[in-house]
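Taking it in order: structure first as structure tokens, then the write-up.
The values are calculated or read from the model by the stated rules, or taken from the named source; none is laboratory data. These numbers were taken from a predicted model, which means no experiment stands behind them. Here the Cβ positions follow ideal geometry from the backbone for every residue, glycine too, while neighbour counts run over all protein chains shown. Note: areas computed on protein heavy atoms with side chains; ligands, DNA, RNA excluded. Shrake-Rupley method; radii C 1.70, N 1.55, O 1.52, S 1.80 Å.
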Amino acid sequence: NWYGIEPQHIMAVDGGHGVGGCDWDGRWNHVTKFLERPGPFTHPDFEPSAESLQFLLETCKILVIGAGGLGCELLKNLALSGFRIIHVVDMDTIDLSNLNRQFLFRPKDVGRPKAEVAANFINSRIPGCKVASRKCFSKMHQRKFHIIVCGLDSIIARRWMNGMLISLLSYEDGVLDPSSIIPLIDGGTEGFKGNARVILPGMTACIDCTLELYPPQINFPMCTIASMPRLPEHCIEYARILQWPKEKPFGDTSLDGDNPEHIEWVFERARKRAAEFNITGVTYRLTQGVVKRIIPAVASTNAVIAAACATEVFKIATSAYIPLNNYLVFNDVDGLYTYTFEAERKENCSACSQVPQDLQFPSSAKLQEVLQFLTESASLQMKSPAITTTLEGKNKTLYLQSVKSIEERTRPNLCKTLKELGLSDGQELAVADVTTPQTVLFKLNFTT
Amino acid sequence: MAATKASKEQKYDRQLRLWGDHGQEALENAHVCLINATATGTEILKNLVLPGIGAFTIVDGHTVSGEDVGNNFFLSNNSIGKNRAQAASELLQELNSDVSGNFVEESPNKLLDNNPEFFNRFTIVIGVHLPESTCLRLASVLWSASVPFLVCKCYGLIGYMRLAVEEHTVIESHPDNALEDLRLLQPFSELNNHIESYNLDSMDRKDHSHTPWVIIVAKHLEQWLSEHNSQPPKNYKEKEAFRQFIREGILKNDHGVPEDEENFEEAIKNVNTALNPTKIPSAVEDLFNSEACNNITSQTPSFWVMLRAVKEFAFREGNGSLPVRGTIPDMIADSQKFINLQNVYREKAMQDALAVSKHVECLLQSIGKPPESISDKDIKLFCKNSSFLRVVCCRSLAEEYSVDSVNKDEITSSMDNPDSEMVFYLMLRAVDRFYQLHSRYPGVYNYQVEDDISKLKLCVNSLLQEYSLNVNIKDDYIHEFCRYGAAEPHTVAAFLGGSAAQEAIKIISHQFVPFNNTFIYNAMSQTSATLQL
């Protein structure tokens, strides 16, 4: 079920300004100049017409993923650009710390679902706009959208979305059917930095093509945390990773970064440890930041990036101008800096190239090494890959982490060599992982 | 109802991590003036109200039109016909109850006529979509009153911002990639003593592998200097040799195979930056040589008093260097070795800051001010950031617009590329002329577009002629600007809204570095440029 205002049945009213009674004179003047007038910089496909506005208002469907810092801005921007059929998805609820930038939420909304509150606010502020909301979505829903815009805060989620859109592509005799392409506009921010990119799945660089642009998050080495702390952060991680599971201060509950009592406990323990080693700097704020992996955020950066994204949605929906090709970087720490470039497709991208991935290992390599490669390679960055293959006509799981019983059963395989496991040169391995909705096919290439 | 301190800390947590409690305090003491609640204006203000500025005042004499409501999140259609300042302030106020919202139903021209001092109370004035004459008038008043002025405009797919502040000092610029201050080429005596306390050759295996890379580099440098006539490794070849020299210091096992000593690998990796000479950055040298630094009076702001004190320090106790910063990066080492090393730098930094504060005291005394005028906390912060100090001085709008002082070079050299963002600056100037001449903007109505092209072209030519600018503006841009019809598409207004708000926050908080002085955003190509005009 979708939360939000149900589409009204609107009786056609003459006047030509949008759908029925909710429009007023001049409402769309700032938009129509770009739809009804020819110009020297428009897209080659652009044709000035009075019908383009109707397309925006009545037909064009946009999916917004995320109703947080970027999501709120995106909804506002789209609504004020003429888009009316908008769906927004977010599984989170509102937190007090969101309010410094997620302007569709108020203190009274804390605890309520973001998508629902955001949709309702937009619908009540922008007459005629019909934002529908949901906590999660399925592949089924993607097909009906003209354009998808992401304002996500996780790379895994981005890759998942990216993979989904790629899976919707249809090829005929190896040629991509353009009508199966759903453009994806992706925005991301962190403090005073941000980026916006346009992805035409199957045609331009996808998220995985440029995975190296997102370097893997670095965690502190365990030996540092366990026996050689130097920074206040090390002391905090000691309390979080080692002391909490051991002492179980609140019973069997896992550490909840949003629970002030939990943070207080970690803070106290971290302080004690720091004192032992003469380390200064453990504060409550730092503790919370480390435990929750908090990324600083302000309204301004989100406003800039969401604006750039929405501009691109408008361009693509109306052909008013040639869209961004294809990546914009923004940083306003020192003055304002933007850099625009064309990210290139990776020939053997594991997500969009349709080329089976090459795995080069000696036959004496252990399965553990293959697993390590899948997680540590900068271009794959898998989280907990499950590896299956076909042996003697039967499907065999070589290793799978996410189901305890299967993990236990297949764990011994990690120490076996590829040869011992019965794998041969050219063997296909199917790998499933949270970073990709479709299994990735790998081809084993024995080096010795 | 005012929020409790705790809930404010929670609400603002994500931004406090960027500008700290003192930055937030500066914001909460600020009173921002917005002139004209267009979409651009309200978007800018939204991004200031959300982070919690103390107060805002919207000055706007216009009444809300249907067109206004169409692109503005902070105007509703039942405010059509009402005064725009009042209507917008209601919906902006609603965003954050910590903020105090005010409005003045008056055009800025009227205020300038009747009460120009009105603007003196503001921390910053943001003028949006001001006609040229009003803008210049206001700029002159604000410049004399030393009130920072941020001019913003969104015209079609072009965003424009101009900052006019005579002198803006920044202690905390928070540079992205700051070089560490390790003083390895000129170790101070306490650092030297600390290095001497190590003997790499007589250490056990565990200690050897957990010695900080700074010590490793220092020890090897000592030897190198003695063998190379006191000359540190300078070029690539020498640095390579030095790296190899360090590599040879890695312990070997009984079979002669080098052990896994990550701290040595760190040392090798850091050779390049470790061997940077401790020089006073040229930007800081320039500040040392400036008039404000050398002519300290009772009117001198504390920034310059502290700078002068640091200059004195550098000349004397500092032996040609700035106060030691006191921070070191994390490095592989056992806790004790790291903390001890860190303390050496920390204590030296404290010592240097103390020496600087003595100079501050002297200076304050010489201008008849009590020593408490500048706190120890401020002096410490200043010393810690002494390598990163920045001062931004913008030219006034009067200078930009005067035929005698127009920045011809910047304009003509940019226009070597006729599609550079500079062309949009010139078109905006031409459009202003058009407005002055015809009391309207070009191409607002469909039937006007075609005829206005030649009219706008005349304005372009008269502009170029008046300033003797030998540049060529393609007809396409003139056509495009007529096509825009002074439209203010929301997404372009929103981009500028975020950009301008952050610049205002930089001015208010004196943290991070503002742009100098003109910013152009082109939403067609998603490119931008900063011009100094």
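Brief remarks follow.
- Selection count where residues are farther than 16 Å from residue A:24 by Cα and among the polar types (S, T, N, Q), scope segment B:64-115: 12
- Residue in segment B:511-521 that is within 8 Å of chain A (Cβ to nearest Cβ), under 22 Å from the mean Cα position of the chain (by Cα) and in a helix (DSSP H, G or I) present: no
- Residue match in segment B:193-203 (condition: within 12 Å of chain A (Cβ to nearest Cβ) and either assigned to a loop (DSSP other than H, G, I, E, B) or open to solvent by 20 Å² or more (accessible area, probe 1.4 Å) (or both)): no
- Of the helices (runs of 4 or more DSSP H) entirely within segment A:32-147, those holding at least 1 residues that are at pLDDT below 95 and either open to solvent by less than 40 Å² (accessible area, probe 1.4 Å) or more than 14 Å from chain B (Cβ to nearest Cβ) (or both) occupy A:51-54, A:139-142.
- Residue that is surrounded by the most Cβ atoms within 10 Å (Cβ to Cβ), among those in segment A:324-340 that are within 21 Å of the chain's Cα centre (by Cα) and more than 7 Å from chain B (Cβ to nearest Cβ): A:330
- Output for segment B:11-31, where each listed residue is over 19 Å from the mean Cα position of the chain (by Cα), of a type outside the set (D, E, K, R) and either within 7 Å of another protein chain (Cβ to nearest Cβ) or open to solvent by less than 30 Å² (accessible area, probe 1.4 Å) (or both): B:12
- Of the strands (runs of 3 or more DSSP E) lying entirely inside segment A:178-258, those containing at least 1 residues that are among the charged types (D, E, K, R) and under 28 Å from the mean Cα position of the chain (by Cα) are A:184-190, A:193-199.
- Here the condition is being more than 31 Å from the chain's Cα centre (by Cα), more than 14 Å from every other protein chain (Cβ to nearest Cβ) and crowded, with 18+ Cβ neighbours inside 10 Å; of B:426, B:458, B:464, B:397, it holds for B:464 alone.
- Test: residue in segment B:446-466 that is of a type outside the set (A, V, I, L, M, F, W, C) and outside any helix (DSSP H, G or I): no
- Unmet criterion (only one of (1) surrounded by fewer than 19 Cβ atoms within 10 Å (Cβ to Cβ); (2) under 30 Å from residue B:212 (Cβ atoms); (3) within 17 Å of the chain's Cα centre (by Cα)) for residue B:180: (3)
- Breaking point among (1) open to solvent by 60 Å² or more (accessible area, probe 1.4 Å); (2) of a type outside the set (Val, Ile, Thr); (3) within 30 Å of residue A:224 (Cα to Cα); (4) within 26 Å of the chain's Cα centre (by Cα), for residue A:345: (3)
- Residues of segment B:125-139 that turn out to be touching an Asp or Glu at 6+ places or on another chain (Cβ under 9 Å) and in a strand (DSSP E or B), as a count: 0
- In segment A:53-79, the residues that are within 14 Å of residue A:131 (Cβ to Cβ) reach residues that are surrounded by fewer than 24 Cβ atoms within 10 Å (Cβ to Cβ) and polar (S, T, N, Q) with C-beta atoms within less than 8 angstrom, at least six apart or across chains, in these pairs: A:63/A:142.
- Failed item, numbered, when residue A:297 is tested on (1) at pLDDT 95 or above; (2) in contact with a strand residue (DSSP E or B) (Cβ under 6 Å, 6 or more places away or on another chain); (3) under 25 Å from residue A:212 (Cβ atoms); (4) of a type in the set (A, V, I, L, M, F, W, C): (2)
For (1) under 30 Å from residue A:317 (Cα atoms); (2) in contact (Cβ under 8 Å) with a residue 40 or more places away in the chain; (3) open to solvent by 60 Å² or more (accessible area, probe 1.4 Å), each residue gets a yes or a no:
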position: A:228; (1), (2), (3): no, no, no
position: A:235; (1), (2), (3): no, yes, no
position: A:248; (1), (2), (3): no, no, yes
position: A:255; (1), (2), (3): no, no, no
position: A:267; (1), (2), (3): no, no, no
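- Residue match in segment B:470-486 (condition: more than 14 Å from chain A (Cβ to nearest Cβ), touching a residue at least 24 places away in the same chain (Cβ under 8 Å), surrounded by 13 or more Cβ atoms within 10 Å (Cβ to Cβ) and part of a helix (DSSP H, G or I)): no
- Segment A:69-83, residues that are of a type outside the set (Ser, Thr, Tyr) and under 22 Å from residue B:156 (Cα atoms): A:73, A:74, A:75, A:76, A:77, A:78, A:79, A:80, A:82, A:83
- Residue in segment B:156-170 that is within 14 Å of chain A (Cβ to nearest Cβ) and closer than 30 Å to residue B:274 by Cα present: yes
- Counting only strands (runs of 3 or more DSSP E) wholly contained in segment A:349-448, the ones carrying 2 or more residues that are hydrophobic (A, V, I, L, M, F, W, C) and surrounded by 14 or more Cβ atoms within 10 Å (Cβ to Cβ) occupy A:357-361, A:386-391, A:428-433, A:436-446.
- Here residue B:70 meets the list (1) open to solvent by less than 10 Å² (accessible area, probe 1.4 Å); (2) assigned to a loop (DSSP other than H, G, I, E, B); (3) within 14 Å of another protein chain (Cβ to nearest Cβ) almost entirely, failing just condition (2).
- Which numbered condition residue B:41 fails, given (1) on the phi > 0 side of the Ramachandran plot; (2) within 14 Å of another protein chain (Cβ to nearest Cβ): (1)
- Residues located in segment A:164-182, provided they are in contact (Cβ under 8 Å) with a residue 60 or more places away in the chain and buried (at least 22 other Cβ atoms within 10 Å of the Cβ): A:166
- Helices (runs of 4 or more DSSP H) enclosed by segment B:261-366 - at least 3 residues per element that are free of Cβ contacts under 8 Å to residues at least 12 places away in the same chain and open to solvent by less than 70 Å² (accessible area, probe 1.4 Å): B:335-366
- Considered as a group, the residues in segment A:275-323 that are free of Cβ contacts under 8 Å to residues at least 60 places away in the same chain, more than 9 Å from every other protein chain (Cβ to nearest Cβ) and surrounded by 22 or more Cβ atoms within 10 Å (Cβ to Cβ) include one that is nearest to residue B:327 (Cα to Cα), and that residue is A:282.
- Selection of first residues in segment B:370-387 that are modelled with pLDDT of 95 or more and open to solvent by less than 70 Å² (accessible area, probe 1.4 Å) and of second residues that are of a type in the set (Asp, Glu) and not in a helix (DSSP H, G or I), restricted to Cβ pairs under 9 Å at least 6 apart or on distinct chains, gives the following pairs, ordered by first then second residue: B:381/B:172; B:385/B:172; B:387/B:181.
- Among residues of segment B:160-180 that are free of Cβ contacts under 8 Å to residues at least 24 places away in the same chain, those with a beta-carbon under 6 Å from a residue that is buried (at least 16 other Cβ atoms within 10 Å of the Cβ) and among the aliphatic types (A, V, I, L, M) at least six positions away or on a different chain give the pairs B:176/A:333.
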